[in-house]
1. Note down the net charge around V68, summing +1 for each Lys or Arg and -1 for each Asp or Glu among other residues with Cβ under 12 Å from its Cβ.
2. How large is the accessible surface of E111 in square angstrom, using a 1.4 angstrom probe and rounding to the nearest 10?
3. Taking a probe of 1.4 angstrom, what is the accessible area of F87 in Å², to the nearest 10?
4. Determine one quarter of the surface area of the Cα convex hull of the range 46-121, which equals its mean projected area, and express it in nm² to one decimal.
5. The range 47-94: which GluC sites (Glu not before Pro) are DSSP loop and have at most 16 other beta-carbon atoms within 10 angstrom?
6. Roughly what would the spin-label model give for S21 and H53, points 7 Å off Cα along C-beta, in nm?
7. Can you tell me how much longer the chain between V28 and E79 gets when fully stretched, taken as 0.36 nm per residue apart minus their C-alpha distance, in nm with one decimal?
8. Rounded to the nearest 0.05, what FRET efficiency do R86 and N108 give with R0 = 41 Å and r taken as the Cβ-Cβ distance? Could you check?
Amino acid sequence: MKEALERQERDRNGGAGHHPSGIPVELVLQISASNDQPVDLVKALMAFGLDLHEAHDIVDRLASGEKVATTLYLTAEGESPFALSRFGVMVGAPQPVDAASIPVDVLNAIEAWRLSEPERPTRDEAIGIILRRGLAAA
């Protein structure tokens, strides 16, 4: 199977110097449920412009419980990155390096919402939930 994927990738990429097409989007991937379809997840990641080795590396890192920052390439005919949820993968936006870059009133609103939730998500989880809900509504 791996050889077939490599051959398919070579044919698709047309050799060295290939750059993925589409709009690059920085995302953070994290496993949220057990994934019993790693080969299909690798194929799905390759559909977002990753090569076979990058996709395998990401799947291995996700399987070890790591949050993985990556660039996926979105095209008009392609799927949404949120479709990766069928493989138990949560997709989120990278968090700002400096919390000071988020306006205080926004942080206060997030904190108030977070504390009102029965599950009491962490601040990072609350931001991710709000982003997912906002993107789903868009």
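The values are calculated or read from the model by the stated rules, or taken from the named source; none is laboratory data. Owing to the predicted nature of the structure, the values given are computational and were not obtained by experimental measurement. When we count neighbours, we look across all protein chains shown, and the Cβ atoms used for this are built from the backbone with ideal geometry, even at glycine. To get the accessible areas, we keep the full protein, side chains included, count just its heavy atoms, and leave off ligands, DNA and RNA. Shrake-Rupley method; radii C 1.70, N 1.55, O 1.52, S 1.80 Å.
1. Details: positive: R61, K67; negative: E26, E54, D57, D60, E66.
With Lys, Arg at +1 and Asp, Glu at -1, the net is -3.
2. Probe radius 1.4 Å; accessible area of E111 about 60 Å².
3. Ignoring ligands and nucleic acids, F87 comes out at about 10 Å².
4. That works out to 7.2 nm².
5. Working: sites: E54, E66, E77, E79; in loops: E66, E77, E79.
Taking the range 47-94 and a limit of 16 other Cβ atoms within 10 Å, the loop GluC sites (Glu not before Pro) found are E66, E77, E79.
6. 2.4 nm
7. Working: separation 51, 0.36 × 51 = 18.36 nm, distance 1.67 nm.
Going from the current span to full extension adds 16.7 nm.
8. About 0.70, to the nearest 0.05.
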